[in-house]
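The structure appears right after this line, and notes come after that.
The values are calculated or read from the model by the stated rules, or taken from the named source; none is laboratory data. Fair warning: this is a prediction, and the values are worked out from it, not measured in the lab. All Cβ positions, even for glycine, are placed from backbone atoms using ideal geometry, and neighbour counts span all protein chains on display. Quick note on the areas: whole protein, heavy atoms, side chains included, nothing else; ligands and nucleic acids left out. Shrake-Rupley method; radii C 1.70, N 1.55, O 1.52, S 1.80 Å.
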Amino acid sequence: MWNSKPIIMVVSGPSGSGKSTVIKEFLQQTPAFGLSISHTTRKKREGEVEGKDYYYLSKEEFQRMIDNSDFVEWAKIYDNFYGTSRQEVQRILESGLNVLLEINVDGLISAKKIFDDLVSVFIIPESMEELVRRLKERNTENEEDLKKRIAEVKREISFINFYDYVIINKKNNLSEAVATISHIFQAEKIKTRRFLNIKESFFGGFEWQE
Ligand code: 5GP
């Protein structure tokens with residue numbers, strides 16, 4: 001039996017990088033991955049669904065989970081809290097799937113301390129101009145929020161060297177970005193160290209007959 005260790009993949013990227021769309025498409029094509037649904041204190045946006053996009057909770061409830069050590073990692077982003085629960089990661093691993101964490105740079109730094117052999121991917125648009133254009137086009141943020149998000153982009157990019165891979169998400173080329181993340185998965189899963197018991201799997205009960 002050929003067995004391998006599950007992959008924990010972190011995908012980050014500034015807001016406006018298109019990362020959620022890339023992830024959504026990748027997951028649709030790759031049933032071997034389960035998406036970890038985070039907990040957050042931010043308000044539900046129109047169209048979002050509890051338990052699908054996030055688990056929404058109050059600051060008090062979130063604090064209680066921190067106190068109970070329920071999180072693998074958590075971070076405060078724009079006055080809201082976001083966290084990955086141990087239970088969520090466990091649930092995905094127990095169903096035999098690889099885990100995809102869509103978390104920010106602070107989350108990656110924390111997760112690296114917990115999971116060895118983490119695979120990390122940073123998604124960016126072609127340029128800052130393009131990113132600002134996308135943020136404005138989205139029009140979900142007011143001027144003040146937009147400024148905050150731009151400052152956050154600068155901070156996030158300063159962490160780029162902590163990531164294994166960078167995907168440049170080109171305009172009108174979603175399929176290329178999705179194919180790239182898929183290639184990363186294909187290469188990562190055949191790394192020698194991911195296999196458990198290669199020799200036993202290969203030789204099995206084989207005995208040499210002279
Ligand atoms: P949004 O509010 O736009 O859904 O997400 C804002 C940011 O929070 C994104 O960069 C997203 O990747 C990040 N994020 C979402 N869930 C988590 C989490 O559980 N942990 C951390 N550290 N970041 C998260």
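Just a yes or no: is a residue in segment 104-111 touching a Leu at 6+ places or on another chain (Cβ under 7 Å) and either among the hydrophobic types (A, V, I, L, M, F, W, C) or assigned to a loop (DSSP other than H, G, I, E, B) (or both)?
yes
State all residues of segment 126-149 that are without any contact (Cβ under 8 Å) to a residue 24 or more places away in the chain, part of a helix (DSSP H, G or I), under 18 Å from Ser20 (Cα atoms) and touching a Leu at 6+ places or on another chain (Cβ under 8 Å); if no residue qualifies, say none.
Lys136, the sole residue that qualifies.
Sort out which residues of segment 72-103 are near the ligand (Cβ under 8 Å from one of its atoms) and open to solvent by less than 20 Å² (accessible area, probe 1.4 Å), and write them in order of number.
Glu73, Ala75, Gly83, Thr84, Leu101, Ile103
Residue-by-condition table, conditions (1) exposed (fewer than 14 other Cβ atoms within 10 Å of the Cβ); (2) at pLDDT 95 or above; (3) more than 21 Å from the chain's Cα centre (by Cα):
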residue	(1), (2), (3)
Arg149	no, no, no
Ile168	no, yes, no
Ser175	yes, yes, no
Glu188	no, yes, no
Lys191	yes, yes, no
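Okay, residues lined up against (1) part of a helix (DSSP H, G or I); (2) hydroxyl-bearing (Ser, Thr, Tyr); (3) within 15 Å of the ligand (Cβ to nearest atom); (4) in contact (Cβ under 8 Å) with a residue 12 or more places away in the chain:
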| position | (1), (2), (3), (4) |
| --- | --- |
| Val11 | no, no, yes, yes |
| Ser15 | no, yes, yes, yes |
| Ser20 | yes, yes, yes, yes |
| Lys24 | yes, no, yes, no |
| Arg42 | no, no, yes, yes |
| Gly47 | no, no, yes, no |
| Tyr55 | no, yes, yes, yes |
| Glu60 | yes, no, no, no |
